[in-house]
Amino acid sequence: MKRKIYNEFLQWKREEKGKNALLIDGARRVGKSYIAEKFAKAEYKSYILIDFNRVDESVKELFVLYLNDLDTFFMYLSGYYNVKLYERESLLIFDEVQLFPRARTAIKYLVEDGRYDYMETGSLMSLKRNVRDIVIPSEERHIKMYPMDFEEFLWALGNDTLMEIMKKSFAEKKPMGQALHRKAMDYFRQYLIVGGMPQAVREYAEGRDFDKVDRVKRDILTLYRADMIKYAAGYEMKVESIFDEIPSQLQKHEKKFKFSSLKKEARLREYEDAIFWLDDAMVVNICYRSTAPNIGLRLNRDRMTLKCYMADTGLLISHAFDENGIVSEEIYKKLLFDKLEVNVGMIVENIVAQMLAAKGHKLYFYSNASRTDSSSRMEIDFLIAKDKISSRHNISPIEVKSGKNYTLSSLRKFMEKYKEQTYIPYVMHTGDVKEENGIVYLPLYMTPFL
């Protein structure tokens, strides 16, 4: 599987030259270990991968006994793994490093020593129990790894050309044309239902068998549930109840997460740790309400009002349609051919959130439920800031439409009320590119270019 994050690894190796370790943070089964080892094999003379999920206690003891004697530390490590280490030409990978925080502390001394390069992979890196009693090293560059994006999905299916055509169409604001648009939407629907978890993508690329793809995704969901019980000790029931509630909350018109649906009179503060756990595990993408569409969306964040999307839309589908323990091939085919009558809105909004997050956008939406001023009453799915901030026109409102017939009353109200703040208003829809009345309409598959 070809992943874009590989280029970030190359840049780190070239620029840092051992001055910093690289910490890759991501959800379980997102491909962290695979891509780190692939990088090690291709770019170094030798490497050692220490998997703290199953490493021998004698290896852990090296981090306790020999950090003050690194010659002996490396001698034992080299002997245990039967790998010869070469100065400035070898890489050490600490896999699932959150399971042994002491190794993360050791990074400071290992980087200072300067002999080799270091990568760490893990999840739940900010959780209190994983950083308790350790000093987080400043010699760490932290990057997040997301599920495979649409372009990586196309590569996996053997298509290396379509994305470049889309980029050109987006840049020139010209339609793709009927044939190419239909082809792009066909691929997009496949991405929508398979998702971006590498094992599911590989299964689909090899056999196009939706039953097998669904089993892979269901195994990942089972693993997530096991993690909740194991690592969310003390509030695991709250984590699981939020996780189980995500599909039904997204199915609602407004999609804001109502904690009262979990328990009568429940409030966010009771579930804050649980939300943080899911966010830190990168199982979900949290989208906060912004109270004002100005630069510095974070400054106007309403932490008490949020939407909770699944980090991978393929997993959302397996999570949502699970009445019989497996999503039937019939449902997948209806989604593929755009014949599913219900639930499409939540799936399409979720994939847009996933694509925006993978592109590095923090997720914000705007809503105003004024009962007295109808011109202020509106709901905008997403807000993003433009790259180069100017004195005005910095925020782009984004409306997501899954059907062919829709109204844009909220978007038009927003454009009128916040004309000084509005940059380019976007409608992400199933149709081709067009520009009309100051609004840019883009196919859903062009979300990564925003």
message = Take the residues in region 249-275 that are assigned to a helix (DSSP H, G or I) and within 19 Å of Phe365 (Cα to Cα); name whichever of them is nearest to the chain's Cα centre (by Cα).
response = Ile275
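From Ile351, Ile331, which residue is closer than 19 Å to Tyr191 by Cα, in contact with a Phe, Trp or Tyr (Cβ under 6 Å, 6 or more places away or on another chain) and of a type in the set (Val, Ile, Thr)?
Numbers: Ile351 fails: in contact with a Phe, Trp or Tyr (Cβ under 6 Å, 6 or more places away or on another chain).
So the residue among Ile351, Ile331 that is closer than 19 Å to Tyr191 by Cα, in contact with a Phe, Trp or Tyr (Cβ under 6 Å, 6 or more places away or on another chain) and of a type in the set (Val, Ile, Thr) is Ile331.
Sort out for me the helices (runs of 4 or more DSSP H) sitting completely within region 56-175 that have 2 or more residues that are under 26 Å from the mean Cα position of the chain (by Cα) and either modelled with pLDDT of 95 or more or in the same structural domain as Val433 (by TED's automatic domain parsing) (or both).
Working: elements: 57-65, 70-81, 101-113, 128-131, 150-156, 162-172.
Helices (runs of 4 or more DSSP H) meeting the threshold: 150-156, 162-172.
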inquiry  = So in region 166-196, with the set limited to residues that are more than 12 Å from Tyr445 (Cα to Cα) and among the charged types (D, E, K, R), which one is surrounded by the fewest Cβ atoms within 10 Å (Cβ to Cβ)?
reply    = Glu172
message = For a quick check of your reading of the model, give me the residue pairs whose first member lies in region 94-109 and is on the phi > 0 side of the Ramachandran plot, whose second is outside any helix (DSSP H, G or I), with beta-carbon atoms closer than 7 Å and at least 6 apart or on different chains.
response = Glu96/Asp51; Glu96/Phe52; Glu96/Asn53; Glu96/Thr121; Glu96/Gly122
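So for region 215-231 (the condition being under 24 Å from Arg303 (Cα atoms), part of a helix (DSSP H, G or I) and assigned by TED's automatic domain parsing to the domain that holds Ile351), does at least one residue qualify?
First pass over region 215-231, keeping only residues under 24 Å from Arg303 (Cα atoms): 228.
Retained after the next criterion (residues that are part of a helix (DSSP H, G or I)): 228.
Subset that is assigned by TED's automatic domain parsing to the domain that holds Ile351: 228.
Checked region 215-231: at least one residue is under 24 Å from Arg303 (Cα atoms), part of a helix (DSSP H, G or I) and assigned by TED's automatic domain parsing to the domain that holds Ile351.
The values are calculated or read from the model by the stated rules, or taken from the named source; none is laboratory data. The model shown is predicted, which means the values in this text are computed figures rather than measured ones. Here the Cβ is made from the backbone with ideal geometry for all residues, glycine too, and neighbour counts use every protein chain on show.
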